[in-house]
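Below is one structure, written out as structure tokens; comments come after it.
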Amino acid sequence: MFKHLKIILVPISIFLAILPTSTLAVSSTNFYQKGNEIFDDWNLCRTYATGKDGFFQVYSETEFCPAITGESLGENADKAYQIGQQFAKDYPDAHQRAEKIFVFARDKVRYTSDVEQFGFQEFAQNADELITIIEDKGFAHGDCEDYAILLAVMYKGAGFRSAIVVASDHAAALVYLPGYKKTNQSLSINGDSGWIWAEATGGNNPLGWMPERYIGKQLGAYEIEDKSISKVESSDKSSTIIIPRNTSAGIHISPFFSVIAIMWFLSLFRRRR
């Protein structure tokens, strides 16, 4: 459902090998437990990102696929996609529309680690789960991959090309917005310039601000397509309810990104041998 790994190049000769309601019970999702991990209706594991059933399907420091976005695209399109469509109707100017969507995600989601919110080292939420909570409470809690997933889906609904970018300690969204001037770094994918970093984890971040620590680093990026993934029926699933804890905002590095960091350092070691 996703395009192959892209190479992102930025100007100035910088190289990037780019890499619920209150119980989170959403009408389209039933969680079940297998061993110590939590899975959803699509048989994606929400508590780890690696491998064929991980929510980001990470295989190496340069190979991943944000499969969880397919739970809210194509035939699975629901609230998050529809809100993107509404933004497209309300804001015909592409630059203004992209900014409004970014501000919506930035202001409606409060950064909170998965340990604080769910008691798991990692727990990814899909875009529609976040929107359901926002509609119910006025805001939701999430960490960096949750912001990235939400923005990628909403931008697709609003008619934009979007992608997810992964670093050793972070994830963010990219939106294709040629001619956008309010950015500290314009990116290109396979020579296709005009990609803008959407970093919504900070309360004051503007659209287009790329953290300096990632400029010139090896990152991974995938452009998503507006296609769904299929649910998997199984008679042996035993439903599990995930109940969020009382949360307070804080910045933490996810264990998922620790895995990415290890992969990255191993790749550097292999190159130097």
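The values are calculated or read from the model by the stated rules, or taken from the named source; none is laboratory data. The shown structure was predicted, so the numbers you read here are calculated from the model rather than taken from an experiment. Heads up, the Cβs are rebuilt from the backbone with ideal geometry, glycines too, and the neighbour counts pull from every protein chain shown.
Numbers for the structure displayed
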{"item": "Leading residue by the ranking (nearest to T183 (Cα to Cα)) among those in segment 80-138 that are out of contact with any Pro (no Cβ under 7 Å at 6 or more places or on another chain) and among the hydroxyl-bearing types (S, T, Y)", "result": "Y91"}
{"item": "Residue among G208, G203, G159, G194 that alone is more than 26 Å from Y48 (Cβ to Cβ), in contact with a strand residue (DSSP E or B) (Cβ under 7 Å, 6 or more places away or on another chain) and not in a strand (DSSP E or B)", "result": "G208"}
{"item": "Hits in segment 116-135 - residues which are more than 15 Å from G157 (Cβ to Cβ), crowded, with 21+ Cβ neighbours inside 10 Å, modelled with pLDDT of 95 or more and among the acidic types (D, E)", "result": "E129"}
{"item": "Test result for G159, more than 9 Å from the chain's Cα centre (by Cα), at pLDDT 95 or above, within 21 Å of A98 (Cβ to Cβ) and not polar (S, T, N, Q)", "result": "yes"}
{"item": "Residue tally, condition of a type in the set (S, T, N, Q), out of contact with any Gly (no Cβ under 8 Å at 6 or more places or on another chain) and not in a loop (DSSP other than H, G, I, E, B), over segment 162-191", "result": "1"}
{"item": "Filter result (in a helix (DSSP H, G or I), surrounded by 17 or more Cβ atoms within 10 Å (Cβ to Cβ) and modelled with pLDDT of 95 or more) within segment 101-115", "result": "I101, F102, F104, A105, R106, K108"}
{"item": "Cross-chain or 6+ apart pairs with Cβ under 7 Å, segment 221-241 first and among the charged types (D, E, K, R) and surrounded by 10 or more Cβ atoms within 10 Å (Cβ to Cβ), then at pLDDT 85 or above and not in a loop (DSSP other than H, G, I, E, B)", "result": "E223/A163; D226/G74; D226/K156; K227/G70; K227/G74; K237/Y32"}
{"item": "Residue within segment 176-188 that is within 16 Å of the chain's Cα centre (by Cα) and not β-branched (V, I, T) present", "result": "yes"}
{"item": "Filter result for K79 (closer than 20 Å to A152 by Cβ and either buried (at least 19 other Cβ atoms within 10 Å of the Cβ) or over 15 Å from the mean Cα position of the chain (by Cα) (or both))", "result": "yes"}
{"item": "Residue among Q121, Q85 that is over 13 Å from the mean Cα position of the chain (by Cα) and assigned to a helix (DSSP H, G or I)", "result": "Q85"}
{"item": "Where I38 falls short, out of the listed (1) under 18 Å from the mean Cα position of the chain (by Cα); (2) over 30 Å from K181 (Cα atoms); (3) of a type outside the set (F, W, Y)", "result": "(1)"}
{"item": "Residue pairs meeting the criteria (Cβ under 7 Å; at least 6 apart or on separate chains; first within 18 Å of N76 (Cβ to Cβ) and of a type in the set (D, E), in segment 112-138; second modelled with pLDDT under 95 and part of a loop (DSSP other than H, G, I, E, B))", "result": "D128/V26; D128/S28; E129/P20; E129/L24; E129/V26; E129/T29"}
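Per-residue answers, yes or no, for (1) at pLDDT 95 or above; (2) among the hydrophobic types (A, V, I, L, M, F, W, C):
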| position | (1), (2) |
| --- | --- |
| D146 | yes, no |
| V166 | no, yes |
| L177 | yes, yes |
| Q185 | no, no |
| W197 | yes, yes |
| G202 | no, no |
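Conditions (1) farther than 21 Å from D136 by Cβ; (2) among the polar types (S, T, N, Q); (3) at pLDDT below 65, marked per residue:
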| residue | (1), (2), (3) |
| --- | --- |
| I7 | yes, no, yes |
| L16 | yes, no, yes |
| T21 | no, yes, yes |
| L24 | no, no, yes |
| N43 | yes, yes, no |
| T50 | yes, yes, no |
| S60 | yes, yes, no |
